[in-house]
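The values are calculated or read from the model by the stated rules, or taken from the named source; none is laboratory data. Model, not experiment: these values are computed from the prediction. Reconstructed Cβ throughout: ideal geometry from the backbone, glycine too, with neighbour counts over all protein chains shown.
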Amino acid sequence: MKFSFFLNARFAGLVAIGSTLLSQVSAAPTLLSRQADSCSADAISCSTSNADSCCVPAYGLMVHVQQWIEGYGPSDAFTMHGLWPDTCSGGIPGDGNSGCDASRNFDDVGEIIQGLDSSLYNQMNTYWPSYTGDNPSFWTHEWNKHGTCVTTLDPECFGDDYQENEDVVGYFQKTLDLRTEYNLYAILSDAGITPGGEYTVAEFESAIENSTGATPRVTCSSGALEEIWLYFYVEGNGEYVPTDAFSGSSCSGSIEYPNK
Ligand SMILES: *[C@@H]1O[C@H](CO)[C@@H](O)[C@H](O)[C@H]1NC(C)=O
């Protein structure tokens, strides 16, 4: 089920890019290279030794960070901070803000996405706002520092089918697809945890663990919920498999879940 969801999301994204790409739609889910058909579905990041870095990310512990920021995004939705490939021991790969490939750093990722996929661009303005108000520079930072470290998105992995900047589009679309699949607002609300109340960090962790099977990392600011970090490994078929957080929550005890 999950797998076909990714295929549909990928397909929808490509349709939006334009009919010229349609002939090249393969069975590759987002964040997998065009070599997906030759990837072993059994390979799993950080476990399979010598796995092809075009099939599973070499920095294979993926951290998906959603935010709860008053005044930003829909009142019933967490918004995105980012999708960060970590080393298998939980470290940050790459070279500071320029990430892992300075040749693929950009000044304005917003412009690129707007030109290639206006539907994705609109989704990003809704679900990936910056609290500074400058969305494109937030996205540009996330791509340069983190997106360039996703080894499966290396243009060489796409072979001759590579379309300029489809790695960038794929990165942002996949991140939003994960936000939709791991809808933290819905997960919490199903467990009776709703904005406007106070709950313990342990309750947040338990509700999410009950739903995903893995413990998240919760962070707070001034006694209120700020971010929830979800950790994943990635299989050779593109499936994201939840795993427990590598770092404990930054707060404990009772915290506010404010209305926004
Ligand atoms: C998680 O599941 C356990 C076992 O069913 C239950 O006791 C607990 O209340 C659940 N946590 C939340 C926050 O719903």
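Collect the residues in the stretch 224-260 that are farther than 15 Å from ALA214 by Cα, assigned to a loop (DSSP other than H, G, I, E, B), small (Gly, Ala, Ser) and modelled with pLDDT of 95 or more, keeping them in residue-number order.
SER250, SER252, GLY253
Within the stretch 206-233, take every residue that is over 14 Å from TRP68 (Cα atoms) and out of contact with any strand residue (DSSP E or B) (no Cβ under 6 Å at 6 or more places or on another chain) and give me the one that is farthest from the ligand (Cβ to nearest atom).
Looking at residues that are over 14 Å from TRP68 (Cα atoms) and out of contact with any strand residue (DSSP E or B) (no Cβ under 6 Å at 6 or more places or on another chain), I get THR215.
Give the number of residues within the stretch 143-184 that are free of Cβ contacts under 8 Å to residues at least 12 places away in the same chain and either among the basic types (Lys, Arg) or at positive phi (or both).
Qualifying residue count for the region: 0.
Here is a list: THR148, THR152. Which entry is under 27 Å from ILE92 (Cα atoms), among the polar types (S, T, N, Q) and touching a Lys or Arg at 6+ places or on another chain (Cβ under 9 Å)?
Exactly one residue qualifies, and that residue is THR148.
Check ILE187, ILE193 and return the single one that is in contact (Cβ under 8 Å) with a residue 12 or more places away in the chain, within 16 Å of the ligand (Cβ to nearest atom), of a type in the set (A, V, I, L, M) and not in a helix (DSSP H, G or I).
On inspection, the qualifying residue turns out to be ILE193.
Can you give me the number of residues within the stretch 221-235 that are buried (at least 19 other Cβ atoms within 10 Å of the Cβ) and more than 17 Å from the chain's Cα centre (by Cα)?
So the answer is 1.
I'd like to check something: does the stretch 128-140 contain any residue that is farther than 13 Å from ILE113 by Cβ, among the charged types (D, E, K, R) and under 16 Å from the mean Cα position of the chain (by Cα)?
no
Anything in the stretch 196-205 that is within 12 Å of the ligand (Cβ to nearest atom) and not aliphatic (A, V, I, L, M)? List them, or say none.
TYR199, THR200, GLU203, PHE204, GLU205
Among the residues of the stretch 230-260, which ones are within 25 Å of ASP177 (Cβ to Cβ) and out of contact with any Phe, Trp or Tyr (no Cβ under 9 Å at 6 or more places or on another chain)?
GLU235, GLY236
Give the stretch 99-109 a look and list any residue that's farther than 16 Å from GLU166 by Cβ and crowded, with 20+ Cβ neighbours inside 10 Å, or say none.
Residues satisfying the conditions are GLY99, CYS100.
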